[in-house]
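To start, the structure itself, in structure tokens.
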Amino acid sequence: MSTPQPVKRQKREEYRRKLQDQQAADGEVKMPQKKFFRQRAHANVFSDHHLEYPISPAHMDWSSHYPAFVDPDPTHQTLSGTRRLLKDVEVVDIGCGFGGLLVGLAPLLPETLIVGLEIRTSVLDYVRSRIHALRLRQQQLKQGIVAPIEETERPAEAPAPEDEVGTTNALVPGNYENISGIRANTMKFLPNFFARHQLSKIFICFPDPHFKVRKHKARIVSESLNAEYAYAVRPGGKLYSITDVEEYHHWILRHFTVQVGEDVSMGSSKFLWERVEGEELENDPCVKVMSSETEESKKVTRNNGNKYVAVFRRKEDPEWV
């Protein structure tokens, strides 16, 4: 006898069916609601989650994630036999949560493929449902089925629902075809998805602080992981970080920059990063999106909390002696 699905999953499937039936009946594309996709905020990154991952980046099948960018030549295939894309994925949001950053970056970088990595299944289901709804809405706007209405035209007394924030009933560059989400454990399998110097940007937004010292090994910023980020990011590329925990902000600074008087071996990944500051940081549009469009950033703003931003540029590889 098969094991019945958990009640929460049954409710989520029932909600999806009702949403699809409603959309089929009235033709209106509705955004998914977070309340049907809630999941505990913490996941043990060291446990076995039965994850699927490619043998190498050359084996990764991206065609189902970015159908608008599939190479029209069917003979151009990956090592796993699937269709190749016209371009590589360049931007990664580690721990993408409910996808606020992905949606915010999509029109800003319309010709750049962006992917969110998330280990929680329910949260990733929401992200995929959200992107699917956004793409359908863009199709309806193009066909004239839905009249374009800018978000600024919404009456002040009728604020947008939480799930609608960050989206508009207007055509956006790229039509959200350039974003997607995959289930992955970054701490274990990042090099399986991305080749050397493939990425131009990595975002780490409001990571789990893991306050207890014995939990620090689970932090997404560490000496070993920073070396993997340096491997995947091309020279000139950037790593963006934001947190509302000041101690974690200083932890990030210590792990990406050489401190005054610190004795560090030349093999340290710290020598591969330099901090971006001043006018360049202030004028970076990605920083503005990261600081305002993610769900966590909105929560911090509502609670009048502080946001600590740090951006690092990947330096050129040192020459072999």
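In the stretch 110-146, which residue that is farther than 10 Å from Ile179 by Cβ and polar (S, T, N, Q) is surrounded by the fewest Cβ atoms within 10 Å (Cβ to Cβ)? It comes out as Gln143.
Number of residues in the stretch 278-321 that are surrounded by fewer than 16 Cβ atoms within 10 Å (Cβ to Cβ), touching a residue at least 24 places away in the same chain (Cβ under 8 Å) and in a loop (DSSP other than H, G, I, E, B): the value is 6. Within the stretch 230-250, being out of contact with any helix residue (DSSP H, G or I) (no Cβ under 8 Å at 6 or more places or on another chain) and assigned to a helix (DSSP H, G or I) holds for Glu246, Glu247, Tyr248, His249, His250. A residue that is crowded, with 16+ Cβ neighbours inside 10 Å, at pLDDT 95 or above and either of a type in the set (Asp, Glu) or assigned to a strand (DSSP E or B) (or both) cannot be found anywhere in the stretch 100-109.
Residues are listed down the side, and each one gets a yes or a no for (1) closer than 18 Å to Gly237 by Cα; (2) at pLDDT 90 or above; (3) among the β-branched types (Val, Ile, Thr); (4) in contact with a Lys or Arg (Cβ under 6 Å, 6 or more places away or on another chain):
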residue: Phe256; (1), (2), (3), (4): yes, yes, no, no
residue: Ser265; (1), (2), (3), (4): no, no, no, no
residue: Phe271; (1), (2), (3), (4): yes, no, no, no
residue: Glu274; (1), (2), (3), (4): yes, yes, no, yes
residue: Pro285; (1), (2), (3), (4): yes, yes, no, no
residue: Arg302; (1), (2), (3), (4): no, yes, no, no
residue: Phe312; (1), (2), (3), (4): yes, yes, no, yes
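Restricting Ala133, Ala147 to residues that are out of contact with any His (no Cβ under 8 Å at 6 or more places or on another chain), part of a loop (DSSP other than H, G, I, E, B), closer than 14 Å to Val29 by Cβ and modelled with pLDDT of 50 or more narrows the list to Ala147.
Answer yes or no as to whether Thr257 is surrounded by 12 or more Cβ atoms within 10 Å (Cβ to Cβ) and out of contact with any Phe, Trp or Tyr (no Cβ under 8 Å at 6 or more places or on another chain). When the stated conditions are applied, Thr257 does not pass them. Across the stretch 201-229, the qualifying residues are those that are in a loop (DSSP other than H, G, I, E, B) and in contact (Cβ under 8 Å) with a residue 60 or more places away in the chain, and the one among them that is surrounded by the most Cβ atoms within 10 Å (Cβ to Cβ) is Phe206.
The values are calculated or read from the model by the stated rules, or taken from the named source; none is laboratory data. Just so it is clear, the structure is predicted and the values come from calculations on it, not from any experiment. Every residue, glycine among them, receives a Cβ derived from its backbone with ideal geometry; neighbour counts consider all protein chains shown.
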